[in-house]
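I have placed the structure first, in the form of structure tokens, so that the comments after it can refer back to it.
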Amino acid sequence: MPELPEVHGLCMYLDTQLSGAVLNEVRINSFSALKTADPPYSLLEGRTVKGVRRLGKFVCVDVDCLFFIFHLAKAGWVRYTEHPSSAGLRMGKSNISARLLLHRPEDEAHIGVDLTEAGTKKSLAIYVVRDPQDVPGIASLGPEPLSPDFDQEALAAILGASSQQVKGLLRSQSVIAGIGNAYSDEILHAAKISPFAIAKSLDQATVARLYESMQEILVGAVNAAAGKPSSELKDTKRSNFRVHARTGLPCPVCGDTVREVSFADTSLQYCATCQTNGKVLADRRTSRFLK
């Protein structure tokens, strides 16, 4: 799933490419992805793109005071081209959920933006709204972790009020916006914290490590994504991981084997030496996991 750094990089790239372009046509190929009916998406056509920005994990395209907003979910992505196909889309017969066709007057470029989604479980969501706050997922977002207002004290207040495991807390978009499964693994590994540690049990020194690791990991990933075209962002994300999606490989910090705990539809990775004092967390597939 694209998270804060990749969505940020994607928005920067799309903002550069689409600002000033006229949105000539919107094609929706998966009506299950379209979550709104008013205003109709046809009202976007003929309007000029004013900019593209990130809100949590949402991409928000300002189309002259209407907003085309999408969330890529687990398997969605964006395909950008300056040689768009003129062929029609066969409803439900491709991995393309929506296609935007634009014209950029400054250099006469004709642009195509496809929202794609792999797999059979479709979760990509599209909204056309008059105000981004009309999207429920945006209205409920927690603070941005890279905002100047989000300091160590703010994080300490969030952790101190929760009996939730810290891994789940970091992933909760209503608590902190933008962090998902991958970067929560990376942040906790850098901070040397067990994913199953209870948030309010963390002492002041551990909270400080967590905050510093959050800033280091996210800022580094945002910088790595900056300026990259959408086609390169996924590989850039994967190339910087230390534990996430590296089950069975050596931890680059201590050399121990990276381990995994699997759940119904996801998994987490961690290093026992770095994070749990050598204790191996039991996999829920085979036994009750240990806290």
With a probe of 1.4 Å, find how much accessible area the chain has per residue, and write the answer as a whole number in Å².
46 Å²
Go ahead and set up a Gaussian network model of the chain, Cα springs under 10 Å, then flag whichever of GLY46, GLY178, GLY56 fluctuates most.
GLY46
What is the Cα centroid distance between segment 121-166 and segment 180-220, reported in whole angstrom?
17 Å
Estimated vicinal HN-Hα couplings, Hz - segment 138-153 in sequence order (Karplus 6.51, -1.76, 1.60; Gly, Pro = x):
7, 4, 9, 5, x, x, 6, x, 9, 5, x, 7, 8, 9, 4, 5
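Based only on the alpha carbon positions, what is the Kirkwood hydrodynamic radius of segment 1-142, in angstrom? Write down the numbers at each step before the final one.
Numbers: mean 1/r = 0.0664 Å⁻¹.
For segment 1-142, the Kirkwood estimate is 15.1 Å.
Report relative contact order for segment 40-82 in percent, whole number only (criteria: Cα-Cα under 8 Å, sequence separation at least 6).
Numbers: 42 pairs, mean separation 11.3, N = 43.
Contact order relative to length: 26 percent.
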Where a ≥ b ≥ c are the square roots of the eigenvalues of the C-alpha gyration tensor, would you call segment 32-110 rounded, which needs a/c under 1.5, or, failing that, prolate if a/b is larger than b/c, or oblate?
rounded
For SER201 and HIS103 in the same chain, what is the full-extension length gain: residue separation times 0.36 nm, less their Cα-Cα distance, in nm?
29.8 nm
Choice from LEU72, LEU89, LEU102 with maximal GNM fluctuation in the chain (Cα, 10 Å cutoff)
LEU89
Step through the table entries LYS121/LYS192; LYS74/LYS200; LYS35/LYS57; LYS122/LYS192; LYS35/LYS74, compare each Cα-Cα distance with 25 Å, and write down the pairs that go over it.
LYS121/LYS192; LYS74/LYS200; LYS122/LYS192
Are there chymotrypsin sites (Phe, Trp or Tyr not before Pro) in segment 27-80 that DSSP marks as loop and that have at most 14 other Cβ atoms within 10 Å, and which are they?
PHE31
With a ≥ b ≥ c taken as the square roots of the eigenvalues of the C-alpha gyration tensor of segment 80-129, please select rounded if a/c is under 1.5 and otherwise prolate if a/b is larger than b/c or oblate if it is not?
prolate
To the nearest 0.05, how large is the calculated FRET efficiency for ARG209 and SER140 if R₀ is 30 Å and r is the Cβ-Cβ distance?
0.60
Which Cα, out of CYS254, VAL219, LEU44, lies furthest along the positive dipole direction of the chain (beta carbon charges, K/R +1, D/E -1)?
CYS254
Keeping all protein chains in place and using 1.4 angstrom, which order do TYR270, TYR127 fall into by accessible surface area, from largest down?
TYR127, TYR270
Testing the spin-label approximation: label points 7 Å from Cα along Cα→Cβ at SER163 and HIS83. State their distance in nm.
6.0 nm
Based on Cβ point charges of +1 for Lys and Arg and -1 for Asp and Glu, what charge dipole magnitude is obtained for the chain about its Cα centre, in debye rounded to the nearest 20?
1280 debye
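Given Cβ point charges of +1 (Lys, Arg) and -1 (Asp, Glu) and nothing else, what value in debye, to the nearest 20, does the dipole of segment 166-212 about its Cα centre take? If you can, show how the numbers build up before the last one.
Values: 5 positive and 4 negative charges, 24 e Å.
Result for segment 166-212 is approximately 120 debye, rounded to the nearest 20.
Hey, got a sec? Which trypsin sites (Lys or Arg not before Pro) in segment 116-146 land in a DSSP loop and have at most 13 other Cβ atoms within 10 Å? Don't jump to the answer; show the numbers that get you there.
Working: sites: LYS121, LYS122, ARG130; in loops: LYS121, LYS122, ARG130.
Those that pass, being in a loop and sparsely packed, are LYS121, ARG130.
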Hypothetical label at THR36: residues of segment 133-149 whose amide nitrogen lies under 20 Å (7 Å Cα-Cβ projection):
133-142
Cross-link reach from LYS237 to aspartates and glutamates, straight Cα distance under 15 Å and at least 8 residues apart if same chain, gives GLU3, GLU6, ASP185, GLU186, GLU216
Would any residue of segment 77-106 have its amide N under 12 Å from a label point 7 Å out along Cα→Cβ of ARG27? List them or say none.
84-102
Suppose a student asked you for the relative contact order of segment 1-122, using Cα pairs under 8 Å spaced at least 6 residues apart; what percent would you report?
30 percent
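Compute the relative contact order of the chain as a whole-number percentage, counting only Cα pairs closer than 8 Å that sit 6 or more residues apart in sequence. It would help to have the intermediate numbers written out before the result.
Numbers: 571 pairs, mean separation 52.6, N = 291.
In percent, rounded to a whole number, it is 18.
Name the shape class, rounded, prolate or oblate, that the alpha-carbon gyration tensor gives for segment 140-194, where a ≥ b ≥ c are the square roots of its eigenvalues, rounded holds for a/c under 1.5, and otherwise prolate holds if a/b is larger than b/c and oblate otherwise. Don't skip to the answer; put the middle values down first.
Values: a/c = 1.33, a/b = 1.26, b/c = 1.06.
Rounded, since a/c falls under 1.5.
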Computed Rg/Rh of the chain, alpha carbon atoms with Kirkwood Rh:
1.01
Leaving ligands, DNA and RNA out of it, rank MET1, MET214 by accessible area with a 1.4 Å probe, largest first.
MET1, MET214
Could you give the length gained by full extension between THR48 and ALA264, i.e. 0.36 nm per residue of separation minus their alpha carbon distance, to one decimal place?
73.4 nm
Orphan Cys of the chain, criterion: no other Cys C-beta under 4.7 Å
CYS11, CYS60, CYS65, CYS254
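The values are calculated or read from the model by the stated rules, or taken from the named source; none is laboratory data. Small disclaimer: the values here were computed from a predicted structure and weren't measured. Here Cβ is always computed from backbone atoms with ideal geometry, including for glycine, and neighbour counts include all displayed protein chains. To get the accessible areas, we keep the full protein, side chains included, count just its heavy atoms, and leave off ligands, DNA and RNA. Shrake-Rupley method; radii C 1.70, N 1.55, O 1.52, S 1.80 Å.
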